[in-house]
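Colleague: Structure incoming, see below.
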Amino acid sequence: MSYLIPAEPISIEQQVKRSLFRCSIAHCPDRGAAEIFIRRIALQHKDANHNCWAMIAGPPDEPQGYGMSDDGEPRGCAGKPMFTVLQHSGIGEIAVVVSRWFGGIKLGTGGMARAYSSSVQLGLTALTTILKIHYSCLTLTLPYEYLQTVEYLLRQIEGKIIEQDYSEQIRLELEVPTERLNNFVQEIEEKSQGQIHYFRP
């Protein structure tokens, strides 16, 4: 699958009833990277009253990358609202920490949840993202007359030739966007009338 990921880390803040909320976001491809980022922000903002966090450390639809923490705030008032915003964004490989400096006015559980979720929404609005495309490997063996056809079809789907070998026939090692692999194979079969042979490692 293809999905958006953060292009670069950002930090943005807002004030809610004198409390300062600073949202820090970074690209974290796995849980290890997310945990390092969370520890770094918590150390950087060790004077904050709370450093709450949420992560989707992997593809958006893989629960093993999910995580959240209230870091001492009332249960369910910080980490969960933050995670919900992340989940609805469709962005993957992302971790967010919202650091709070208490301003003396209590927000209540509802107000606190809104403050944490709106901090993440503010961060996502400012975040630059890029599209991550997953590729599958494919090996082709083809007569020389079909090389231009294969190259044309590859360009249409932003595929890549990784290795090539020219002997009696051409052998190509390809990387093809996974979402378009089946259509690509079907097209080369139709255009070559079965003369292009393929193998999926």
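Colleague: Going residue by residue through region 1-24, is there one that turns out to be hydrophobic (A, V, I, L, M, F, W, C), outside any loop (DSSP other than H, G, I, E, B) and over 17 Å from SER118 (Cα atoms)?
Modeller: Step one: of region 1-24, the residues hydrophobic (A, V, I, L, M, F, W, C) are 1, 4-5, 7, 10, 12, 16, 20-21, 23.
Now restrict to residues that are outside any loop (DSSP other than H, G, I, E, B): 4-5, 10, 12, 16, 20-21, 23.
Those left that are additionally over 17 Å from SER118 (Cα atoms): 4-5.
Within region 1-24, one or more residues are hydrophobic (A, V, I, L, M, F, W, C), outside any loop (DSSP other than H, G, I, E, B) and over 17 Å from SER118 (Cα atoms).
Colleague: Right, here's the next one. Just to verify a result, which residue in region 21-46, among those that are closer than 19 Å to PHE102 by Cβ, surrounded by 16 or more Cβ atoms within 10 Å (Cβ to Cβ) and of a type outside the set (S, T, N, Q), is nearest to the chain's Cα centre (by Cα)?
Modeller: CYS23
Colleague: Of all residues being of a type in the set (S, T, N, Q) and at pLDDT 95 or above in region 126-140, which is surrounded by the most Cβ atoms within 10 Å (Cβ to Cβ)? Just the residue, please.
Modeller: At the first step, the residues of region 126-140 found to be of a type in the set (S, T, N, Q) are 128-129, 136, 139.
Narrowing the set further to residues that are at pLDDT 95 or above leaves 128-129, 139.
Numbers: THR128: 9, THR129: 18, THR139: 15.
Among those residues, the one meeting the criterion is THR129.
Colleague: Go through (1) surrounded by 15 or more Cβ atoms within 10 Å (Cβ to Cβ); (2) assigned to a loop (DSSP other than H, G, I, E, B); (3) in contact (Cβ under 8 Å) with a residue 40 or more places away in the chain and name the single condition CYS52 misses.
Modeller: Going through the list (1) surrounded by 15 or more Cβ atoms within 10 Å (Cβ to Cβ); (2) assigned to a loop (DSSP other than H, G, I, E, B); (3) in contact (Cβ under 8 Å) with a residue 40 or more places away in the chain, CYS52 breaks only (2).
Colleague: A follow-up question, please. Just to be sure I understand the filter: pairs with C-beta atoms under 9 Å, separated by 6 or more residues or on different chains, first member in region 8-32 and closer than 17 Å to PHE83 by Cα, second member in a loop (DSSP other than H, G, I, E, B) and of a type in the set (S, T, N, Q). Which pairs pass?
Modeller: Between residues of region 8-32 that are closer than 17 Å to PHE83 by Cα and residues that are in a loop (DSSP other than H, G, I, E, B) and of a type in the set (S, T, N, Q), there is no close pair.
Colleague: Which ones in region 68-110 are β-branched (Val, Ile, Thr) and either farther than 16 Å from CYS52 by Cβ or part of a helix (DSSP H, G or I) (or both)? Steps first, please.
Modeller: Our first condition is that a residue be β-branched (Val, Ile, Thr); within region 68-110, this holds for 84-85, 91, 94, 96-98, 105, 109.
THR84, VAL85, ILE91, ILE105, THR109 - these are the residues of region 68-110 that are β-branched (Val, Ile, Thr) and either farther than 16 Å from CYS52 by Cβ or part of a helix (DSSP H, G or I) (or both).
Colleague: Kindly indicate which of GLY104, GLY123 is in the same structural domain as HIS50 (by TED's automatic domain parsing), closer than 30 Å to GLU73 by Cα and either surrounded by fewer than 16 Cβ atoms within 10 Å (Cβ to Cβ) or more than 24 Å from the chain's Cα centre (by Cα) (or both).
Modeller: On the way: GLY123 fails: either surrounded by fewer than 16 Cβ atoms within 10 Å (Cβ to Cβ) or more than 24 Å from the chain's Cα centre (by Cα) (or both).
Exactly one of GLY104, GLY123 is in the same structural domain as HIS50 (by TED's automatic domain parsing), closer than 30 Å to GLU73 by Cα and either surrounded by fewer than 16 Cβ atoms within 10 Å (Cβ to Cβ) or more than 24 Å from the chain's Cα centre (by Cα) (or both), namely GLY104.
Colleague: Determine if region 73-93 includes at least one residue that is hydroxyl-bearing (Ser, Thr, Tyr) and within 19 Å of GLN14 (Cα to Cα). Can you show your working first?
Modeller: Let us first name the residues in region 73-93 that are hydroxyl-bearing (Ser, Thr, Tyr), namely 84, 89.
From what's left, within 19 Å of GLN14 (Cα to Cα): none.
No, every residue in region 73-93 fails to be hydroxyl-bearing (Ser, Thr, Tyr) and within 19 Å of GLN14 (Cα to Cα).
The values are calculated or read from the model by the stated rules, or taken from the named source; none is laboratory data. All of these numbers come straight from a predicted model, not from anything done at the bench. No Cβ is skipped: glycine too gets one built from the backbone with ideal geometry, and neighbour counts run over all protein chains shown.
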